[in-house]
Amino acid sequence: MTSLRKLGPSDLEVFPLALGGNVFGWTADQAQSFAVLDAYTAAGGNFIDTADSYSAWVEGNRGGESETIIGKWIKERGNRSDVVIATKVSQHPDFQGLSAANIRAAADASLKRLGTDHIDLYYTHFDQPDVPVEEIIGALDELVKAGKVRHIAASNISAGRLAASLEFSEREGLARYVALQPHYNLVSRDTYEGGLRDLAERAGLSAVPYYALASGFLTGKYRPGTTVDSPRAEGAAKHLASERGQKVLAALDEVARARGAEPATVALAWLAAQPTVAAPIASARTVEQLPALLAVAGLELTDEEVTRLTQASA
């Protein structure tokens, strides 16, 4: 049985890989999404990450498609108490921003789509520096006191705004962020490493990195001269053109061969070995893509392997 990881100072215990719900209602229809969710939970997974805006960018979609699919799946499986559901506020076309009124309205809309009375982990999706942290934390605290949200977290936030939020929560005795969702992977380390990570470490927050596989680049399927049929191909291709990207691929291949593992598993294991990281997020469009992701739960890299990858990605 895979040991679960504690999420910051909260009482949430999560599988070491969060399943990204951004593909549900986008590149995976309801049947495919149900199959992926079933396979993930059958393997011991319990941490599902979505957002109210997924997938508003698709023509014909309005936002909330991912939450709706997850809600239908929970209802059909009757497993609400077995899964930790994380969703986010600020980017839904009808619920933009982080004003107190918007946070309240967006949370109610998410609860309705998810068909549940509570959200386990509620993130501010993109910080809005023009909204005072007092207003944001105050609104989130109301949701916690009302029992609609168990714990709060932040994504895409600066160290300064995070520090101000934590200070306000502590001073006023209000709900406090327990986790962070930064953009962080082997080829994108600059946003998180440094002030933000130092603060997370001091405050005891857990990191749940998104783009953990750099839009699929770190799966190793993107190589010079190959074309991959994926909506994310463009995002992955830019790493292929960089020297850093090539060095990282070479190091991933080397460690993967030595451990009899997939490059994707090794890339996720490197993240899992970093300070503060509780569970990287990765999404799967098909059940066949899941084993390489789930295998991170059983792969612990040696100090030498972590260093090899860290140096390659410097």
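The values are calculated or read from the model by the stated rules, or taken from the named source; none is laboratory data. Computed from a prediction, not measured in an experiment: that's the story for all the values here. All Cβ positions, glycine included, derive from the backbone under ideal geometry; neighbour counts span all protein chains shown. Each accessible area value is taken on the protein alone, full model and side chains, heavy atoms only, with ligands, DNA and RNA left out. Shrake-Rupley method; radii C 1.70, N 1.55, O 1.52, S 1.80 Å.
Report whether or not Glu254 is charged (D, E, K, R) and within 22 Å of Thr50 (Cβ to Cβ). Answer is no for this residue. A residue that is in contact with a Phe, Trp or Tyr (Cβ under 8 Å, 6 or more places away or on another chain), at pLDDT 95 or above and open to solvent by 40 Å² or more (accessible area, probe 1.4 Å) can be found somewhere in the range 8-26.
Selection over the range 105-128 of residues that are part of a helix (DSSP H, G or I) and open to solvent by less than 10 Å² (accessible area, probe 1.4 Å) gives a count of 4.
Do we find that Ala101 is open to solvent by 10 Å² or more (accessible area, probe 1.4 Å), outside any loop (DSSP other than H, G, I, E, B), more than 30 Å from Gln128 (Cα to Cα) and of a type in the set (Gly, Ala, Ser) in this structure?
Numbers: open to solvent by 10 Å² or more (accessible area, probe 1.4 Å): yes; outside any loop (DSSP other than H, G, I, E, B): yes; more than 30 Å from Gln128 (Cα to Cα): no; of a type in the set (Gly, Ala, Ser): yes.
Judged against the criteria, Ala101 is not a match.
As a summary of the residue check, Ser165 satisfies the conditions (1) open to solvent by less than 10 Å² (accessible area, probe 1.4 Å); (2) small (Gly, Ala, Ser); (3) more than 26 Å from Lys145 (Cα to Cα) except for the one numbered (3). Of all residues being in contact with a helix residue (DSSP H, G or I) (Cβ under 9 Å, 6 or more places away or on another chain), open to solvent by less than 60 Å² (accessible area, probe 1.4 Å) and outside any helix (DSSP H, G or I) in the range 129-155, which is farthest from Asp52 (Cα to Cα)? Just the residue, please. Selected residue: Val131.
When each of Lys72, Lys148 is tested for being without any contact (Cβ under 8 Å) to a residue 60 or more places away in the chain and within 19 Å of Ala179 (Cβ to Cβ), the lone residue that passes is Lys148. Suppose we keep only residues that are crowded, with 20+ Cβ neighbours inside 10 Å and of a type in the set (Phe, Trp, Tyr) within the range 45-98. Which one would you say is nearest to Gly25 (Cα to Cα)? Among those that are crowded, with 20+ Cβ neighbours inside 10 Å and of a type in the set (Phe, Trp, Tyr), it is Tyr54.
Do we find that Val178 is aliphatic (A, V, I, L, M), farther than 26 Å from Val248 by Cβ and surrounded by 14 or more Cβ atoms within 10 Å (Cβ to Cβ) in this structure? Outline the logic, then answer.
Numbers: aliphatic (A, V, I, L, M): yes; farther than 26 Å from Val248 by Cβ: yes; surrounded by 14 or more Cβ atoms within 10 Å (Cβ to Cβ): yes.
Answer is yes for this residue.
Note on the range 229-272: residues that are in contact with a helix residue (DSSP H, G or I) (Cβ under 9 Å, 6 or more places away or on another chain), at pLDDT below 95 and open to solvent by 80 Å² or more (accessible area, probe 1.4 Å) total 3. Among residues of the range 27-42 that are farther than 17 Å from Lys75 by Cα, those with a beta-carbon under 6 Å from a residue that is in a loop (DSSP other than H, G, I, E, B) at least six positions away or on a different chain give the pairs Thr27/Arg285; Ala28/Arg285. Search the range 265-288 for residues that are among the aromatic types (Phe, Trp, Tyr) and pair each with any residue that is in a loop (DSSP other than H, G, I, E, B) when their beta-carbon atoms are under 7 Å apart and the residues are at least 6 apart or on different chains. Close Cβ pairs satisfying both conditions: Trp270/Leu186; Trp270/Leu301.
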